[in-house]
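Enquirer: Could you have a look at this structure, given as structure tokens, before my questions?
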Amino acid sequence: MEGDNLAKLTIEKTGKVRHARRRLKPLYLVLLLAAGIAVAVFLSWSVFSKGVEVKVASVAEIYPSQLLSRINASGYVVAQRKADVASKTTGQLTSLMVQEGSLVRQGQVIARLESADAAALAEQARANIGLSRAREGQAKAELDNATLDFNRRKDLVLTGAISRSEFDTAQARYLVARASYEAARAEVKASEAALRNAQATLSYFEIRAPFDAVVLTKNADVGDIITPLGAAANAKAAVVSIADLSSLQVEVDVSEANIGAVRAGQPCDISLDALPGVRFQGRVDTIVPTVDRSKATVLVKVRFLERDPRILPEMSAKVGFLSRPIQETEKKPRIMVNGSALAGPDKDRFVFLVKGERAVRTPVRTGGRFGDMVEVPSGLKPGDTVVVNPPERMRDGSKITVSQQ
């Protein structure tokens, strides 16, 4: 009896579990379907949000000469004629008439040294010339008088009017007077030479410009002791350093592997870091016939075709050695774009301008071609970004992704 009751208390688990599983199957299917839809939406969003992958290029303002350059080299502006101006003698600097940047002419006095002793000697030599010329005049007068008396007595002795001894006395007086006059003339020449020597010595105390130039540096001040060799303690040798700005050239080092592409007279394009918006035309002036073995380079000197007062010594410069001379119409910069960015027929050219994540079809007008670059006079501005080699399926407003390669 008790066993039957216990049997009735047994739970039927198998049926209930199967019933629960049947109810969970639709839920699983719904969850799987939702996950699949989410993945599909995510993949579609990723594909369409990424857009067309493209490569881009920038629009730039370029000088045509930059595209005609065969090789480029860097260097500095150097004055071919320059000097450290010093004195020929030792003395104290008493006046300095120039400063940095002063323009000086050949022979212009730049500075003076203390020269009282030399000036006194020059004045003495000048006085000696006056004394010598006075003696010359006295000797000339005595010679003239002796000459007249000699000629008169020479006629009288022939007629017997005077004795031979009187004639000989007159002749001796004439010869002495002539010798005295010659000595006086020589004394004048010696005095003049002494004056020139004194003036030359005095000129050593004046420091003059050896050629037309501009003062680059001032190396001494009033009160300094100036000596030709600068060997004395606290003494200065050069008073100023000057340079002839008309002799400025650009000196660049060209690799010996590329020197074959450089020739004398070759047209060049010169740019200076100090004047970034200006290009200067030049020509190869000298190819120095030696190689710097430490750098494996050859020194090339390029002269400017036109002088510009803004060009100063020691400015850093870049030189492009051109394949041909620049035409007058090619001296100004032009807006250029890579030719592979252009699409459409010749009369209806356009590019795809990148604006944000979209490619905007933009009509342009084209000009000359320089290598891979094409001039774009209108439609674009420097700094714009355009699509390179746009795919055929690209349309105005297409979404794009810039390739990172």
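Enquirer: Full-extension gain between Lys381 and Met394, please, as 0.36 nm times their residue separation minus the C-alpha to C-alpha distance. Walk me through the intermediate numbers first.
Expert: On the way: separation 13, 0.36 × 13 = 4.68 nm, distance 2.23 nm.
Difference between extended and current length: 2.5 nm.
Enquirer: Still on this structure, please answer the following. Do you know the relative contact order of the range 105-247, to the nearest whole percent, from alpha carbon pairs under 8 angstrom that are 6+ apart? It would help to have the intermediate numbers written out before the result.
Expert: On the way: 155 pairs, mean separation 49.1, N = 143.
The normalised contact order for the range 105-247 reaches 34 percent.
Enquirer: Between Glu357 and Ser316, what length in nm is gained on full extension when 0.36 nm per residue of separation is reduced by their alpha carbon distance? Present the calculation step by step, with values, prior to reporting the outcome.
Expert: Details: separation 41, 0.36 × 41 = 14.76 nm, distance 4.11 nm.
Once the chain is fully extended between Glu357 and Ser316, it gains 10.6 nm.
Enquirer: Could you work out how much longer the chain between Thr89 and Gln124 gets when fully extended? Use 0.36 nm per residue separation minus the Cα distance between them, nm to one decimal.
Expert: Fully extending the segment from Thr89 to Gln124 adds 10.6 nm.
Enquirer: Using the beta-carbon distance between Asn145 and Ala179 and R0 = 22 Å, what value does 1/(1 + (r/R0)^6) give for FRET efficiency, to the nearest 0.05? The partial results should precede the final answer.
Expert: Details: r = 15 Å, r/R0 = 0.67.
Computed FRET efficiency for Asn145 and Ala179: 0.90.
Enquirer: Let me ask something else about it. For Ile71, put the label point 7 Å out on the Cα→Cβ axis and report which residues of the range 287-309 keep their amide N under 11 Å from it.
Expert: 297-300
Enquirer: Here's a follow-up. Calculate the spin-label point distance for Lys332 paired with Ala264, positioning each point 7 Å from the Cα along the beta-carbon direction, and give it in nanometres.
Expert: 3.7 nm
Enquirer: Here is a follow-up. Label the range 324-405 by shape, choosing from rounded, prolate and oblate, from the square roots a ≥ b ≥ c of the eigenvalues of the Cα gyration tensor; if a/c is under 1.5 it is rounded, and otherwise prolate applies when a/b is larger than b/c, oblate when it is not. Numbers along the way, then the final one.
Expert: Details: a/c = 2.27, a/b = 1.95, b/c = 1.16.
Cα axes put the range 324-405 in the prolate bin.
Enquirer: Right, next: Specify whether the C-alpha gyration tensor of the chain places it in the rounded, prolate or oblate class, a ≥ b ≥ c being the square roots of the eigenvalues: rounded for a/c under 1.5, otherwise prolate if a/b is larger than b/c and oblate if not.
Expert: On the way: a/c = 6.39, a/b = 3.50, b/c = 1.82.
Prolate is the answer for the chain, as a/c is 1.5 or above and a/b outweighs b/c.
Enquirer: Related question: Taking the range 291-334, which GluC sites (Glu not before Pro) meet the DSSP loop condition and have no more than 15 other C-beta atoms within 10 Å? If you can, show how the numbers build up before the last one.
Expert: Working: sites: Glu306, Glu314, Glu328, Glu330; in loops: Glu306, Glu314.
Hits after loop and neighbour filter: Glu306, Glu314.
Enquirer: Let me ask something else. With no solvent and one point per C-alpha, what does the Debye sum give as log10 I(q)/I(0) for the range 119-192 at q = 0.23, 0.25, 0.28 Å⁻¹?
Expert: With no solvent term, the Cα-only Debye profile gives -0.89, -0.97, -1.09.
Enquirer: Counting Lys and Arg as +1 and Asp and Glu as -1, each charge on the Cβ, what is the dipole of the range 119-192 about the Cα centre in debye, to the nearest 20? Could you put the intermediate results ahead of the total?
Expert: Values: 12 positive and 11 negative charges, 17 e Å.
It comes to approximately 80 debye.
Enquirer: Also, I was wondering about something else. How about the range 339-405: which GluC sites (Glu not before Pro) there lie in a loop by DSSP and see at most 15 other Cβ atoms within 10 Å? Mind dumping the intermediate values first?
Expert: Numbers: sites: Glu357, Glu375, Glu392; in loops: Glu357, Glu392.
Here the sparse-neighbourhood loop sites are Glu357, Glu392.
Enquirer: Continuing with the same structure: Neighbouring Cβ atoms within 10 Å as the yardstick, rank Met336, Met315 fewest first. Mind dumping the intermediate values first?
Expert: Working: Met336 27, Met315 17.
Least crowded to most crowded, the residues run Met315, Met336.
Enquirer: If packing is taken as the mean number of other Cβ atoms within 10 Å per residue, what is the order of 280-292, 157-169, highest first? Mind dumping the intermediate values first?
Expert: Values: 280-292: 14.8, 157-169: 12.2.
Put in order of decreasing packing, that is 280-292, 157-169.
Enquirer: For Lys347, put the label point 7 Å out on the Cα→Cβ axis and report which residues of the range 366-400 keep their amide N under 19 Å from it.
Expert: Residues 366-367 fall inside that zone.
Enquirer: I want to check the label-to-label distance for Val288 and Ser403. Put each point 7 Å from Cα in the C-beta direction and report it in nm to one decimal.
Expert: In this crude spin-label approximation the distance works out to 4.6 nm.
Enquirer: Cα convex hull of the range 256-350: how many Å³ per residue? Walk me through the intermediate numbers first.
Expert: Numbers: hull volume 16.0 nm³, N = 95.
Once divided by residue count, the hull of the range 256-350 is 168 Å³.
Enquirer: In percent, what relative contact order does the range 119-192 have, based on Cα pairs under 8 Å that are 6 or more apart in sequence? Walk me through the numbers on the way to the answer.
Expert: Values: 52 pairs, mean separation 38.0, N = 74.
Answer for the range 119-192 is 51 percent.
Every number in this text was worked out from the coordinates using simple rules, so none of it is lab data. Predicted, not measured: the structure shown is a model, and the values here were computed from it. FYI the Cβ positions are ideal-geometry reconstructions off the backbone, even for glycines, and counts take in every protein chain you see.
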